[in-house]
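Each remark here refers to the structure printed beneath this line.
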Amino acid sequence: MSQNVTAAATSGDLVVLDAAALTGRAGAVGEFAAAAHRILAELVSAGAALGWLEPPSAEEVAALVEQVLARSRAGDGALRVAYLDGRPAGFGYWLRHRRPTHRPHADLEKLAVSAAAQGRGIGRKLSTALIADARAAGIEVLTLDARGDNADALDLYFSLGFTEYGRLPDYVAVGERRYDKVFAMLDLRRA
């Protein structure tokens, strides 16, 4: 982090960095990957709807971070990291669709805020920054999917202008439990 960002982050302010700012400091990517692993492991262990049944390994998260950063550098993605009190408190990213006929569009693939930092508007700040990044990148439609019982996330996305465009009933399997998979979109051509 830059000196100004570090000073703000240690004073209790929330700072949201993009991929370029994150990679601008030696060791920052490794530190972020370790923090992202801790956040994801904590949330998944508590039953969060993030796509894993068991917490991902540190290696899996490090590879994911490298993939997202590479796609961001190529203009095919965006990563945002929220720092609170100088420590990563959450992150989110979108990736442009790879299929040639879908290239104008992207999917908001992950948004995660540590349990200790939830309720402070971090998810909203991350989502707003990612939507702005999508607009700047010329994304026409930003999509996402969420587990149907993830009411807080769905409420956040709908409050930001996303609309539901489909639902697969009882599609997500967590042991014996089943949940709907909800699909939502934000048409940036109309905004």
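The values are calculated or read from the model by the stated rules, or taken from the named source; none is laboratory data. Please read all numbers here as calculations on a predicted model, not as lab measurements. Heads up, the Cβs are rebuilt from the backbone with ideal geometry, glycines too, and the neighbour counts pull from every protein chain shown. Quick note on the areas: whole protein, heavy atoms, side chains included, nothing else; ligands and nucleic acids left out. Shrake-Rupley method; radii C 1.70, N 1.55, O 1.52, S 1.80 Å.
If you go through the range 138-156 and pick out every residue that is touching a residue at least 40 places away in the same chain (Cβ under 8 Å) and either among the hydroxyl-bearing types (Ser, Thr, Tyr) or under 21 Å from Phe91 (Cβ atoms) (or both), you end up with 8. Given the criteria under 17 Å from Gly92 (Cβ atoms) and either charged (D, E, K, R) or without any contact (Cβ under 8 Å) to a residue 60 or more places away in the chain (or both), does Arg135 qualify? When the stated conditions are applied, Arg135 passes them. Under 27 Å from Ser45 (Cβ atoms), surrounded by fewer than 20 Cβ atoms within 10 Å (Cβ to Cβ) and in contact with a helix residue (DSSP H, G or I) (Cβ under 7 Å, 6 or more places away or on another chain), is that true of Ala146? No: the conditions fail for Ala146. For the range 59-77, a tally of residues being within 21 Å of His102 (Cα to Cα), of a type in the set (A, V, I, L, M, F, W, C) and open to solvent by 10 Å² or more (accessible area, probe 1.4 Å) returns 2. In the range 111-145, of all residues being hydroxyl-bearing (Ser, Thr, Tyr) and part of a helix (DSSP H, G or I), the one that is nearest to the chain's Cα centre (by Cα) corresponds to Ser127. Those helices (runs of 4 or more DSSP H) of the range 1-90 in which 2 or more residues are over 19 Å from Arg124 (Cβ atoms), modelled with pLDDT under 95 and among the β-branched types (Val, Ile, Thr) occupy 3-10. Once the range 149-171 is narrowed to residues that are open to solvent by less than 40 Å² (accessible area, probe 1.4 Å) and out of contact with any Leu (no Cβ under 9 Å at 6 or more places or on another chain), the residue that is farthest from His97 (Cα to Cα) is Leu154.
Within the range 170-189, the set of residues being out of contact with any strand residue (DSSP E or B) (no Cβ under 6 Å at 6 or more places or on another chain), free of Cβ contacts under 8 Å to residues at least 12 places away in the same chain and not small (Gly, Ala, Ser) comprises Glu176, Arg177.
Of the residues making up the range 42-58, those that are of a type in the set (Gly, Ala, Ser), surrounded by 15 or more Cβ atoms within 10 Å (Cβ to Cβ) and out of contact with any Asp or Glu (no Cβ under 8 Å at 6 or more places or on another chain) are Ala48, Ala58. A residue that is in a strand (DSSP E or B) and touching an Asp or Glu at 6+ places or on another chain (Cβ under 7 Å) can be found somewhere in the range 100-110.
Residue check: Arg96 meets all listed conditions (1) crowded, with 20+ Cβ neighbours inside 10 Å; (2) within 17 Å of Asp145 (Cβ to Cβ); (3) within 13 Å of the chain's Cα centre (by Cα) but one, namely (3).
Selection over the range 110-131 of residues that are open to solvent by 30 Å² or more (accessible area, probe 1.4 Å) and within 11 Å of Trp94 (Cβ to Cβ) gives a count of 2. Return yes when Arg135 is open to solvent by 50 Å² or more (accessible area, probe 1.4 Å) and either touching a Gly at 6+ places or on another chain (Cβ under 9 Å) or modelled with pLDDT under 95 (or both) and no when it is not. Considered against the rule, which asks whether it is open to solvent by 50 Å² or more (accessible area, probe 1.4 Å) and either touching a Gly at 6+ places or on another chain (Cβ under 9 Å) or modelled with pLDDT under 95 (or both), Arg135 comes out as no.
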